[in-house]
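This report refers to the structure that appears directly beneath it.
The values are calculated or read from the model by the stated rules, or taken from the named source; none is laboratory data. All values derive from a computational prediction rather than experimental measurement. Cβ placement follows ideal geometry from the backbone for every residue including glycine, while neighbour counts extend to all protein chains displayed. Remember, those area values only see protein heavy atoms, side chains included, never the ligands or the DNA or RNA. Shrake-Rupley method; radii C 1.70, N 1.55, O 1.52, S 1.80 Å.
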Amino acid sequence: MVSNEGIGRLAVLAVGAAVFAAIGVALFVIYPDTLVDLAGVLVALAVIVLGVRIAGSIADSLFPGYDVAEVAVEGPITRDGGGGRFPSGPRATPADDIVEQIDRADEDDSVDALLLKLNTPGGEVVPSDDIKLAAERFDGPTVAYATDVCASGGYWIASGCDELWARDGSIVGSIGVIGSRVNASDLADKVGLSYERFAAGKFKDAGTPLKEMDDSERAYLQGLIDDYYETFVERVSEGRDLEPEFVRETEARIYLGEQAHEMGLVDELGTRRELEDELADRLERDEIAVEEFEPERPLMARVGGGARSLAYAFGAGVASVVGDREFRLRF
């Protein structure tokens, strides 16, 4: 049976095609006697094609044909999809684009629910939190769906949704923070390099790879990591309704979906089809129509943000450079 929306869309397309066909024939075939008939027909056909496209756009706006928005978070989470010195792992998605897509879905009157597809090992701290906050702002049911990996910053984002679904074999967890640096001081000595400090502030160059760290610098950087970790535990505990001590006891481990479900880190296990069926029941309709929301920024603006980071870390996330130093902090 054809739905009312389907009939409406067909009607708009038919009317639009007829109107633009009439305009094309009138302007380029009948009225101007000096036009060559063949050229007139060709131009008329071009006008018809243009008209159909315009009518299709109008039909899409009047009868969207979808009621659930899907936004995908895939690859390392960064602010702009770039920022690294080296080529990155696959398909890093800028956090600002994700936030824009979620907000646009929230403003779309046709969207009744948000499906947030997660396949990410995590990444930068604040961009991950921005996506989580956008999901919390969405006015309607929000469901996070883990495909392959939902770890670290990805799990932080999922904690901002009403519930989290995963597959039996999904990798879930890694609720922790890591900092790292390359200690190149011995190598520098061997090749005759030395580090000469010009800085204001005791810890301004903490983590610089060309010098050994002292105990106070180590304590300072570890303190930053500990603060981020406590914030992570707090956000996950609140969003997932878990005890903070339980979250700490996971010790940043990763779990397969089935075990994560048994532990309460995941709400439901199921396929994408099963998730859509369940969401249709909750929205009290026979089926749902999912629309993939994508960034509105031009393609070159999306891919021209610079080289992406090399550290597509398994279950841990992508390095976030603290300031301009070589100490790296990541989820």
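When VAL143, VAL149 are checked against the criterion of being over 18 Å from ILE254 (Cα atoms), in contact (Cβ under 8 Å) with a residue 40 or more places away in the chain and among the β-branched types (Val, Ile, Thr), a single residue qualifies: VAL143. No other residue among GLU251, GLU234, GLU268, GLU238 is more than 20 Å from ALA135 (Cβ to Cβ) and either acidic (Asp, Glu) or open to solvent by less than 90 Å² (accessible area, probe 1.4 Å) (or both) apart from GLU251.
The set of residues from segment 141-153 being under 21 Å from GLU276 (Cα atoms) and either in contact with a Pro (Cβ under 6 Å, 6 or more places away or on another chain) or not in a loop (DSSP other than H, G, I, E, B) (or both) comprises THR142, VAL143, ALA144, TYR145, ALA146, THR147, ASP148, VAL149, CYS150.
A residue that is surrounded by fewer than 13 Cβ atoms within 10 Å (Cβ to Cβ), farther than 24 Å from GLU251 by Cβ and of a type in the set (S, T, N, Q) can be found somewhere in segment 184-203.
Restricting attention to segment 47-104, the residues that are outside any helix (DSSP H, G or I) and modelled with pLDDT under 75 add up to 14. Being under 24 Å from VAL71 (Cα atoms) and either out of contact with any Asp or Glu (no Cβ under 6 Å at 6 or more places or on another chain) or not charged (D, E, K, R) (or both) is true of ARG282.
Considering only helices (runs of 4 or more DSSP H) fully contained in segment 166-263, which possess at least 1 residues that are farther than 21 Å from TYR145 by Cβ and modelled with pLDDT under 90?
On the way: elements: 185-191, 215-240, 244-249, 257-263.
So the answer is 185-191, 215-240.
Give ARG282, ARG272, ARG297, ARG308 a once-over and let me know the one that is modelled with pLDDT of 90 or more, within 21 Å of the chain's Cα centre (by Cα) and not acidic (Asp, Glu). Among ARG282, ARG272, ARG297, ARG308, only ARG272 is modelled with pLDDT of 90 or more, within 21 Å of the chain's Cα centre (by Cα) and not acidic (Asp, Glu).
Quick grid of which residues meet (1) open to solvent by 40 Å² or more (accessible area, probe 1.4 Å); (2) in contact with a Leu (Cβ under 7 Å, 6 or more places away or on another chain):
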site: ASP106; (1), (2): yes, no
site: ALA113; (1), (2): no, yes
site: ILE131; (1), (2): no, no
site: ASP162; (1), (2): yes, no
site: ASP168; (1), (2): yes, yes
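The selection criterion, being over 21 Å from the mean Cα position of the chain (by Cα), modelled with pLDDT of 90 or more and part of a helix (DSSP H, G or I), does not hold for GLU287.
Figure legend. Inter-residue proximity from segment 192-204: first residues more than 16 Å from TYR220 (Cβ to Cβ) and without any contact (Cβ under 8 Å) to a residue 60 or more places away in the chain, second residues β-branched (Val, Ile, Thr) and surrounded by 10 or more Cβ atoms within 10 Å (Cβ to Cβ), beta-carbon distance below 8 Å, spacing 6+ or different chains. Indicated pairs: TYR195/THR208.
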